[in-house]
Amino acid sequence: MTTIGLVLSAGGTSGAAHHAGVLAALEEATGWDARSADLMVGTSAGASTAATLRAGLSATDHAAYYNKTPLSAAGQAISDRVTTRLDLPENPPPPTNRRPANPTLLVRGIFGRGRPRPVVSLTGVLHEGTVDGSALAARVSESHPEPWPDAATWICAVNLRSGQRVVFGRDDISADLGPAVQASSAIPGYFEPTVINGQRYVDGGVHSTTNASLVAGLGFDLVIISSSMTAVAQESSWPGGPLGRAWHSRTLRREVEAIRASGTPVLVFQPTADDLAVRETSNLATHNSAAVCSAARISTLAHLAHPRSATGRTLLENHSS
């Protein structure tokens, strides 16, 4: 049996809609059910998607949710378990304390060893967010009542004290799925840090929007990456495009190179010009979710039809047969 790792990136509401379109297209074109992934690595929006996939919500139902079309009976039953409202303010309450969250992260970013992580440094100088993210944890726990999925599921966050990435579900840290997803989604300067076992955590996208390096060398037959905050090569240059998108795209390219260096094929699905055309400046925008999901489906189908995707597509089709 073909073994498949699935990586789901950060990206807010737009990211979740992007993942829905990508995964629905994969199932449509190859028959592969994302719920069967041998490992899911989720960051922020990708952590929420991984949680609902592990709860049993199909890729088709994910897309139906964002397209506001009827879910399957099984999908509706899962959706009905979620009763906690999620109201994310466009303008969060102003902080009562404007002190930087952890200025030492800036010092470590400048003088530390290893590859620079400028977003980690920026997180240290931002004030702490003011939006309570506990509704995220509650919604995940309602959809997935068990403490953690039986199948391998890694949820990425960053320890605000050390600036180091932590991987719930892999590292020796006790946490239920709901709080882990809340921690992974705690956007610096917007959400309050998530406290788990006395440690404060923020969004795993601070380290990497994809954290795809985690699957390098694990011996999968195929790795699938759905990346919402990067873009195809012609849309990820700087200057000419956003610096953040260029940086995240460069990080992803390095991660993909590391995976392929171990002999594992990789399918990467990320925004094209058409995908970007329906995006808003804020990744938390909700009114365009259907357009984002639809564009991701179309670009994914086009990607799968290209000869460079032949190996990955064949592996998926064989896995599903």
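The values are calculated or read from the model by the stated rules, or taken from the named source; none is laboratory data. Small disclaimer: the values here were computed from a predicted structure and weren't measured. Note that we place each Cβ from the backbone using ideal geometry, even for glycine, and neighbour counts take in every protein chain shown. What goes into the accessible areas is simple: the full protein's heavy atoms, side chains included, and nothing from ligands, DNA or RNA. Shrake-Rupley method; radii C 1.70, N 1.55, O 1.52, S 1.80 Å.
Values for this structure:
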{"read-out": "Value of D in µm² per second that Stokes-Einstein yields for region 111-208, Kirkwood Rh from Cα pairs, at 37 °C (0.692 mPa s)", "value": "241 µm²/s"}
{"read-out": "Accessible area in square angstrom per residue, the chain, 1.4 angstrom probe", "value": "45 Å²"}
{"read-out": "Principal axis box of region 24-72, alpha-carbon based, largest edge first, Å", "value": "27, 23, 15"}
{"read-out": "Assigned charges on the beta-carbon of Lys, Arg, Asp, Glu; the chain dipole about Cα centre (debye)", "value": "1060 debye"}
{"read-out": "Rg(Cα)/(2.2 N^0.38 Å) for region 61-183, N = residue count", "value": "1.32"}
{"read-out": "Burial order of peptide ranges 147-160, 40-53 (average beta-carbon count within 10 Å, highest first)", "value": "40-53, 147-160"}
{"read-out": "DSSP H segments from the chain that extend 30 Å or more along their own axis, Cα-based, with Kyte-Doolittle mean of 0.0 or above", "value": "none"}
{"read-out": "Residue among Thr264, Trp247, Ser294 farthest towards the positive dipole end of region 226-321, charges placed on Cβ", "value": "Thr264"}
{"read-out": "Carbon + sulfur, % of accessible area of region 230-275 - ligands and nucleic acids excluded, 1.4 Å", "value": "53 percent"}
{"read-out": "Semi-axes of the equivalent ellipsoid for the chain, Cα gyration tensor, largest first, Å", "value": "28, 23, 20"}
{"read-out": "Where Rh is the Kirkwood radius over Cα pairs, Rg/Rh for region 1-140", "value": "1.06"}
{"read-out": "Computed E for Ser36/Gln164 - FRET, C-beta separation, R0 45 angstrom, nearest 0.05", "value": "0.90"}
{"read-out": "Pairwise FRET efficiency - Arg99 versus Thr69, Cβ, R0 = 56 Å, nearest 0.05", "value": "0.75"}
{"read-out": "When region 182-294 is reduced to its Cα atoms, the Kirkwood hydrodynamic radius in Å", "value": "15.7 Å"}
{"read-out": "Net lengthening on full extension, Asn318/Thr281 (0.36 nm per residue, minus Cα-Cα)", "value": "9.4 nm"}
{"read-out": "Accessible surface of region 57-179 [probe 1.4 Å, protein heavy atoms]: carbon and sulfur percent", "value": "55 percent"}
{"read-out": "All Cα pairs of region 43-126, percent lying beyond 18 Å", "value": "65 percent"}
{"read-out": "Relative contact order of region 1-102, defined on C-alpha pairs under 8 angstrom at six or more residues apart (%)", "value": "27 percent"}
{"read-out": "Residues Ile298 and Arg260, FRET efficiency given R0 of 22 Å [Cβ-Cβ distance, rounded to 0.05]", "value": "0.25"}
{"read-out": "Linear extension gain, Thr84 paired with Ala135, 0.36 nm per residue minus alpha-carbon span", "value": "17.7 nm"}
{"read-out": "Label point distance in nm, Ala305-Thr3, each placed 7 Å from Cα along Cα→Cβ", "value": "3.4 nm"}
{"read-out": "Given the chain, longest segment not containing exposed loop trypsin sites (Lys or Arg not before Pro) (DSSP; at most 16 other Cβ within 10 Å)", "value": "171-321"}
